[in-house]
1. Would you pull out the residues with amide H under 5 Å of V84's amide H, same chain only if 5 or more places away, H placed 1.01 Å from N?
2. Could you list, in their original order, any pairs among K73/K127; K50/K76; K10/K50; K73/K123; K65/K123; K76/K127 whose Cα atoms are separated by more than 19 Å?
3. Can you pull a Stokes-Einstein diffusion coefficient for region 56-119 at 20 °C (1.002 mPa s), Rh from Kirkwood over Cα pairs, as a whole number of µm²/s?
4. Counting only Cα, what are the radius of gyration and maximum Cα-Cα distance Dmax of region 114-154, in Å?
5. Report, as a whole number in µm² per second, the diffusion coefficient that Stokes-Einstein gives for region 36-159 at 25 °C and 0.890 mPa s using the Kirkwood radius over alpha carbon pairs.
6. Would you grab the residues whose amide H sits under 5 Å from the one on R62? Only those 5+ places off in sequence or on another chain, please, with H modelled 1.01 Å from N.
7. Restricting to DSSP loop positions (anything but H, G, I, E, B) with no more than 16 other Cβ atoms inside 10 Å of their own Cβ, which chymotrypsin sites (Phe, Trp or Tyr not before Pro) remain in region 33-108?
8. Can you give the FRET efficiency for N134 and E74, using 1/(1 + (r/R0)^6), R0 = 30 Å, r = Cβ-Cβ distance, to the nearest 0.05?
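Nothing in this text is a laboratory measurement; each read-out follows from the coordinates by a stated rule. If you're wondering where the values come from, they're calculated on a predicted model, not measured in any experiment. Methodologically, a virtual Cβ is constructed for each residue, glycine included, from the backbone with ideal geometry; neighbour enumeration extends over all protein chains shown.
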Amino acid sequence: MDGFENQLFKVLIVDDEEGPRRAMQTLLSTNKELTIQTAESAFQALELLKASPFDLVITDIRMPKMDGLELLKEIKTLSPDTMVILMTGYGTLENAIDAIRGGAYDYLTKPFRLDEMTIMVEKGIDKLRIIRENRKILEELRFIFEKVKKGIVERRGDEGSLLELLEDIKLRLSRLYIKHGPV
């Protein structure tokens, strides 16, 4: 799977207020790496998350019936790898600490500048891209390890075959290095 930079990332924006929700959707939809969905409540967000995982959720903290901190807990239970950015117009240090302790990627206090949101999302996407790349590299290294293990067991005493196996492994590791830098 080459070209991690061309992969799409699913983002869910959750806010009970239509204006801010639409503004964030419009702002983030200019990024061609993102597919954006919105929800007007934590309950609607959970239904969407149960149907299909999201890479990033941006949610308001203050919402009726279920707040953003409760939603964060539910998201982390359903999909621990989903990044969550919490935002609130009633920011306190205690809320920020609770958010980060609860597993939030970051925290924004309203009103925020739109470029702050864009930068935060871009940093989150960069982190997700690195996580995906690392998983792919790990899969390749596991494959190489299994091949080495199998080759050593099958080819004991056959130095020619073992050397071919080692050359193949060397080539695969070289490709990983060229593609991703030092592993």
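1. When sequence neighbours closer than 5 places are left aside, the close amide H contacts are V57, Y105, D106.
2. K73/K127; K73/K123; K65/K123
3. Rounded to a whole number, D works out at 183 µm²/s.
4. 17.8, 60
5. Value of D from the Cα-based Kirkwood radius: 146 µm²/s.
6. When sequence neighbours closer than 5 places are left aside, the close amide H contacts are G68, G89.
7. Y90
8. My answer for the efficiency is 0.70.
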